[in-house]
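The values are calculated or read from the model by the stated rules, or taken from the named source; none is laboratory data. These numbers were taken from a predicted model, which means no experiment stands behind them. Counting neighbours? That spans all protein chains shown, and the Cβs are built from the backbone with ideal geometry, glycine included.
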């Protein structure tokens, strides 16, 4: 039975992966140029073509540990990995990877020429994805600080109790938590910038918790975090606004102290 996996690596470079379980073959059709993807992802696809599925899984995981890649590329890699798990008979991991892919890019689709088994699997996982609580990253406004993170909470069953922004200054953590402030469906949080620096890079993921503090939804994960870089961000003590406010406070305090002090003896 033929199971065709049709995935898009990049918007301008569609890619088709054809998995043939009976023959064990994996074939890339109209693949993106090798320069467009990192070596770990290219190696994973090459191993799949060579029927080295278990080794390909390891290379996909190595690629996914690299956080500074486009979301669409990561989503397609997750879906590819999910379908390889499906071919290997690992349904639980196949479904988990497909859900992770849909969290990053809910618009993932297969073409009309895809086999019905593939269409049914992706449609099934999309129904699961749409029925459960989920988070969608949102663009910052122009007035937002560069270290602000925004997500939209979609919670059909009303399970989400709070949303946490987990952040770290290294890709491997440790991750610290900041509770996001929510108004309606939109939640906003900030990654605290390190002191005395103007440029920094942070890694993060967002996690929604239910009333029992169990994970109800997430964007990324500690094993595969997203990356945020801030360039030329002035430390707080160099900001003239902060200095002006601090000066006003000091003047006010000095005035109060002067007025409350007893007059000097004559």
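Does the stretch 59-87 hold any residues that are closer than 17 Å to residue 39 by Cβ and either surrounded by fewer than 16 Cβ atoms within 10 Å (Cβ to Cβ) or not assigned by TED's automatic domain parsing to the domain that holds residue 39 (or both), and which are they? Full working, then the answer.
Within the stretch 59-87, the first condition is being closer than 17 Å to residue 39 by Cβ, and the residues that meet it are 59-70, 73-74, 76-77, 80-81.
61, 62, 65, 66, 68, 70, listed by residue number.
Could you tell me how many of the residues in the stretch 113-158 are touching a helix residue (DSSP H, G or I) at 6+ places or on another chain (Cβ under 9 Å) and either part of a loop (DSSP other than H, G, I, E, B) or surrounded by 15 or more Cβ atoms within 10 Å (Cβ to Cβ) (or both)?
15
Can you spot a residue in the stretch 133-142 that is more than 22 Å from residue 214 (Cα to Cα) and touching a residue at least 24 places away in the same chain (Cβ under 8 Å)?
Within the stretch 133-142, one or more residues are more than 22 Å from residue 214 (Cα to Cα) and touching a residue at least 24 places away in the same chain (Cβ under 8 Å).
Tell me which residues, restricted to the stretch 89-103, are touching a helix residue (DSSP H, G or I) at 6+ places or on another chain (Cβ under 8 Å) and in a loop (DSSP other than H, G, I, E, B).
Result: no residue meets the conditions.
Do the conditions hold for residue 224, that is, is it farther than 20 Å from residue 140 by Cα, surrounded by 14 or more Cβ atoms within 10 Å (Cβ to Cβ) and at pLDDT below 90?
For residue 224, the condition - farther than 20 Å from residue 140 by Cα, surrounded by 14 or more Cβ atoms within 10 Å (Cβ to Cβ) and at pLDDT below 90 - is met.
Could you grab me the full set of residues in the stretch 101-129 that are in contact (Cβ under 8 Å) with a residue 12 or more places away in the chain and within 23 Å of residue 186 (Cβ to Cβ)?
102, 103, 104, 105, 106, 129
Residue 107 passes all but one of (1) within 16 Å of the chain's Cα centre (by Cα); (2) crowded, with 18+ Cβ neighbours inside 10 Å; which number fails?
Only one criterion in (1) within 16 Å of the chain's Cα centre (by Cα); (2) crowded, with 18+ Cβ neighbours inside 10 Å is unmet by residue 107, namely (2).
Here is a check on your reading of the model: is residue 45 farther than 23 Å from residue 205 by Cβ and part of a helix (DSSP H, G or I)?
In short, yes.
Which strands (runs of 3 or more DSSP E) does the stretch 173-218 wholly contain that include 2 or more residues that are surrounded by 17 or more Cβ atoms within 10 Å (Cβ to Cβ) and at pLDDT 95 or above? Walk me through it before giving the result.
Details: elements: 176-179, 181-183, 186-190, 200-210.
Strands (runs of 3 or more DSSP E) meeting the threshold: 186-190, 200-210.
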